[in-house]
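Worksheet: the structure to be examined is printed underneath.
The values are calculated or read from the model by the stated rules, or taken from the named source; none is laboratory data. Here the structure is a predicted model, which means the values were calculated and not measured. Backbone-built Cβ (ideal geometry, glycine too); neighbour counts: all protein chains shown. With ligands, DNA and RNA removed, areas are computed over all heavy atoms of the protein, side chains included. Shrake-Rupley method; radii C 1.70, N 1.55, O 1.52, S 1.80 Å.
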Amino acid sequence: MKLYSIKGGIKLKQNKFADANIINTLPVLDGELFYYPLSNSFCTNSIPVVSKGDVVKAGDLIAKASESGFSIDIHSSVDGIIEDITQIKHSKLITTEGIVIKASEQSGDYTKLTPAKDIESSVKNAGVLGMGGAGFPSYIKFCSSKSQVDTLIINASESEPYLTCDQSILINKADELIETILLIKKELDIKRVIVALEGNTTEQTDKFKQLAKDNSIDIAELPRKYPYSGEKQLIYVLLGRTVKKGEFPSSVKVMIQNISTIYSIYEAIKKSKPVIDRVVTISGDIPTHQNIIVKVGTTVRSLLEKLNLDPEQYNRIILGGLMTGTSIADLDTPLLKTVSAVLLLNDKVASHDEEACARCGRCIDSCVMRLSPTGINNSIVQGDIDQALKDDLMSCIECGCCSYVCISSRKLMESIQYAKNFLVKDHIASLEMEKASGGKK
Amino acid sequence: MSEFLMKLPPHQHGKYVMKHTIFILAAAMLPAVCFSFYYYGYRILFAYLLTMSVCALTEWTYDSIKYRKDYLHRFLEFKGSITAAFIVMTLPPILPYYIYVVAALIASLIGKELFGGFGRNVYNPAITGRIAVLVGYSSYMSTFYLPTSNIFENGLFNITTVPIDAVSMATTLTAAKETVAVGGTLPVLMTETWLPSFLGFIPGAAGEVSTLALLIGGAVILITRIGAWRIPFACLTTFLVLATVFWYFNQGYILDPITQVLSGGIVLGALFMATDFVTSPLYSKGQIIFGIGCGALTVLIRIFSSYPEGIGFSILLMNSLVPLIDRYTKPRSFGG
Ligand code: SF4
Ligand code: SF4
């Protein structure tokens, strides 16, 4: 299959130690606490539908999506009792309101979702999120895609180091994945399906490839470069279509789904199972690397205890990949639907001071969005948010390449993220204030 | 409870850092430096070491005073060594040593530190230092030598005196200017000078004579993408085109384009100095504009001014336009 080439991206060391052929399951202990934050950084808070002391079963709805904005349903992943509704830890937000459940004896079963009329509503009822890390509610993609999409892209490439959870699903759940893909294809009347795999995949994925071929699904093997799996990049590389600034993939008639998300959709449609667990890669500087099914809401502490890992031996814990994940300080942080990996690292972190930009241009070459990280960083440091916005600050996909390559150790992506999350809002607010006061004069 | 390190993503950094860039740059300069050593002997090696020490010490002292902190790791990056080597390479081979010291001081203090240090300087520091002594000590600056022997015949440790057999001689460019000034004419094609000029057996500044050595080093810089290839490409193309046009209409009064490109500092300037990443434009369109500017100005200075050589002035002039160029050549973002 012909691939379009794209400027930028970097080569990363792979470190894919965790065996993708086997998926283990993490047991649940009596009395273990599970945490369910009511929001993620993307969505507005869900509204709790349980109160303290209620008895819940796995799969029961505990918070429903709020009407305003993007929001999702949250289900209990264990049988247990509502311990509290209080402030809890969140990997991205530090603390947020959430529900705490104390596990009781597990029946091993779950409450089935009420059957829905189409994929969109079952995806919505199951609380499916973009499992690649961004955490965009999936049903929105479906409702904005109805009858205007001609291509479905399945993103099965994991370009971040260590991660093999998507690959493990690809290997172990090939039949289920193909079935779901065909279902979506039929329901949305999609003409073409492309599965994007990483280059030099092993023979283990041959079964999936063969199945895909039998069902006339295209396979594209991407070069091993990070971050080709960004949505806009992938669409361009595969189809040569450019998603305009501020638009969604549906504007170029494409729907794009992560492979883990497809599997969640499978469970939602075929097994009526809400998203209460997911495959997580456990890796890093640890002796045994593995892929393991973890219940949503499990804390890092209990995960490590059950795996016999001593947190004292590591100096960094990262939820998600090395390039985009979040480092956590508190072991009581829960694993959520979007966490694809837990990395335990014990290495020296070179703490270089930021030096003045040497204008070497490496960050510009590495940026797949063709931004000028150094220019934007400069504007942010000088407090000129207007200029940063003109230079298209908001288009940054926060891939981290620029910070990775900078020879002066400048914190480029960090500053851009900060500006996107905080400074821009303030800036817009102050502009409005100015306008209001200017109007009065 | 143990402390976990909190850091914003990305959680890893590339292995390639500043010191590697400096190292590759130094390696790229090695062929030309070796050639000057072979040609002028230990005297020139001593000049390199002297200039490097002056640059490094100035930088270190300045940083220590400014930040009230010992920046040993910065010192060890040896950023100043590149500037220092360029200074020696662009000056005539045999000079009183204090001129090197003056040039090095001006380069690191005025050319670099006064702007806020490495990365913030607008002008190429080496050229700043060179132009300063060119203006200040102009009598020394027009004396070039053509050694008839090399270091092995010259006595290995003779660092103080001029090589015994060196003949004081004008460079090809100066000689041509003088010939025309007294009413003489030049051969249309100076074919017999092409090969010696390419190899470097002509009088000229210490590091710029051997085009061959410079091309090898330049290839290293361009292949490792430390310098943007667009700059030397645009610069040399413009230079050749303009030189050919002027030569075609003034045959006998202007050197042919091949001799022009092989003599003087145009190759050194285009490959090594114009590509200095700190003082060249960031974006591809700007790099082309910058290259064209350098090439065109050099031709104009060579032909219409009293200076035989103009690459240094051209680069400095274009350096000062870089902020402006950068501002108007920003690329569009993906889908933007
Ligand atoms: S983090 Fe943003 S600015 Fe940096 S390389 Fe990625 S997209 Fe470009
Ligand atoms: S990589 Fe770093 S030093 Fe190079 S231009 Fe970008 S910010 Fe400047």
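Structure data summary
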read-out: Residue list for the range A:394-405, restricted to those being open to solvent by less than 30 Å² (accessible area, probe 1.4 Å) and among the β-branched types (Val, Ile, Thr); value: A:Val405
read-out: Any hit, the range A:331-352, residues being at pLDDT below 85 and either open to solvent by less than 10 Å² (accessible area, probe 1.4 Å) or within 12 Å of ligand 2 (Cβ to nearest atom) (or both); value: yes
read-out: Qualifying residue in the range A:301-312 (condition: more than 28 Å from A:Thr96 (Cβ to Cβ) and either crowded, with 24+ Cβ neighbours inside 10 Å or more than 16 Å from ligand 2 (Cβ to nearest atom) (or both)); value: yes
read-out: Residue match in the range B:307-323 (condition: away from every other protein chain (no Cβ under 14 Å) and more than 24 Å from B:Lys112 (Cβ to Cβ)); value: yes
read-out: Looking only at the range B:256-266, and only at residues there that are assigned to a helix (DSSP H, G or I) and open to solvent by less than 10 Å² (accessible area, probe 1.4 Å), the one that is farthest from B:Leu321 (Cα to Cα); value: B:Thr259
read-out: Flag if A:Thr374 is of a type in the set (Ser, Thr, Tyr), surrounded by fewer than 21 Cβ atoms within 10 Å (Cβ to Cβ) and either within 16 Å of ligand 2 (Cβ to nearest atom) or part of a loop (DSSP other than H, G, I, E, B) (or both); value: no
read-out: B:Phe46 vs. criteria free of Cβ contacts under 8 Å to residues at least 12 places away in the same chain and either within 19 Å of the chain's Cα centre (by Cα) or more than 20 Å from B:Gly119 (Cβ to Cβ) (or both); value: no
read-out: Filter result for A:Tyr418 (more than 10 Å from ligand 1 (Cβ to nearest atom), closer than 30 Å to A:Ile317 by Cβ, within 12 Å of chain B (Cβ to nearest Cβ) and not in a loop (DSSP other than H, G, I, E, B)); value: yes
read-out: Residue within the range A:44-53 that is in contact with a strand residue (DSSP E or B) (Cβ under 9 Å, 6 or more places away or on another chain), of a type in the set (Gly, Ala, Ser) and free of Cβ contacts under 8 Å to residues at least 24 places away in the same chain present; value: no
read-out: Filter result for A:Ile428 (surrounded by fewer than 21 Cβ atoms within 10 Å (Cβ to Cβ), of a type in the set (Val, Ile, Thr) and within 14 Å of ligand 1 (Cβ to nearest atom)); value: no
read-out: In the range B:1-32, residue farthest from the other protein chains (Cβ to nearest Cβ) [restricted to those that are surrounded by 21 or more Cβ atoms within 10 Å (Cβ to Cβ) and hydrophobic (A, V, I, L, M, F, W, C)]; value: B:Ala32
read-out: Residue identified as in contact with a strand residue (DSSP E or B) (Cβ under 8 Å, 6 or more places away or on another chain) and not assigned by TED's automatic domain parsing to the domain that holds A:Ser157 among A:Val342, A:Val368; value: A:Val342
read-out: Options A:Ile397, A:Ile385; residue that is more than 13 Å from ligand 2 (Cβ to nearest atom), in contact with a Leu (Cβ under 6 Å, 6 or more places away or on another chain) and touching a residue at least 24 places away in the same chain (Cβ under 8 Å); value: A:Ile385
read-out: Sole residue being buried (at least 16 other Cβ atoms within 10 Å of the Cβ) and farther than 25 Å from A:Leu331 by Cα, chosen from A:Ile10, A:Ile74, A:Ile62, A:Ile88; value: A:Ile10
read-out: Members of the range A:218-242 found to be open to solvent by less than 40 Å² (accessible area, probe 1.4 Å), more than 16 Å from ligand 1 (Cβ to nearest atom) and either without any contact (Cβ under 8 Å) to a residue 60 or more places away in the chain or touching an Asp or Glu at 6+ places or on another chain (Cβ under 9 Å) (or both), listed by number; value: A:Leu222, A:Leu238
read-out: Odd one out for A:Ser408 among (1) within 7 Å of another protein chain (Cβ to nearest Cβ); (2) surrounded by 23 or more Cβ atoms within 10 Å (Cβ to Cβ); (3) in a loop (DSSP other than H, G, I, E, B); value: (2)
read-out: Count of the range B:75-98 residues which are over 17 Å from the mean Cα position of the chain (by Cα) and either closer than 15 Å to B:Tyr137 by Cα or aromatic (Phe, Trp, Tyr) (or both); value: 7
read-out: Count of the range A:299-324 residues which are more than 28 Å from A:Cys399 (Cβ to Cβ) and outside any strand (DSSP E or B); value: 12
read-out: Residue satisfying all of: in the range B:245-255; surrounded by 15 or more Cβ atoms within 10 Å (Cβ to Cβ) and within 17 Å of B:Gly295 (Cα to Cα); nearest to the chain's Cα centre (by Cα) among these; value: B:Leu255
read-out: Condition met for A:Lys213 (open to solvent by 80 Å² or more (accessible area, probe 1.4 Å), free of Cβ contacts under 8 Å to residues at least 40 places away in the same chain and over 20 Å from the mean Cα position of the chain (by Cα)); value: yes
read-out: Qualifying residue in the range A:354-361 (condition: open to solvent by less than 10 Å² (accessible area, probe 1.4 Å), more than 15 Å from ligand 1 (Cβ to nearest atom) and in contact with a Ser or Thr (Cβ under 9 Å, 6 or more places away or on another chain)); value: yes
read-out: Of all residues making up the range A:343-402, the number that are more than 8 Å from chain B (Cβ to nearest Cβ), within 30 Å of A:Thr288 (Cβ to Cβ) and of a type outside the set (A, V, I, L, M, F, W, C); value: 4
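Each row is one residue, and each column tells you yes or no for (1) modelled with pLDDT of 90 or more; (2) under 30 Å from A:Arg278 (Cβ atoms); (3) within 25 Å of the chain's Cα centre (by Cα).
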| site | (1), (2), (3) |
| --- | --- |
| A:Ala356 | no, no, no |
| A:Cys363 | yes, no, yes |
| A:Val368 | yes, yes, yes |
| A:Leu371 | yes, no, yes |
| A:Gly375 | yes, no, no |
| A:Asn378 | yes, no, no |
| A:Ser403 | yes, yes, yes |
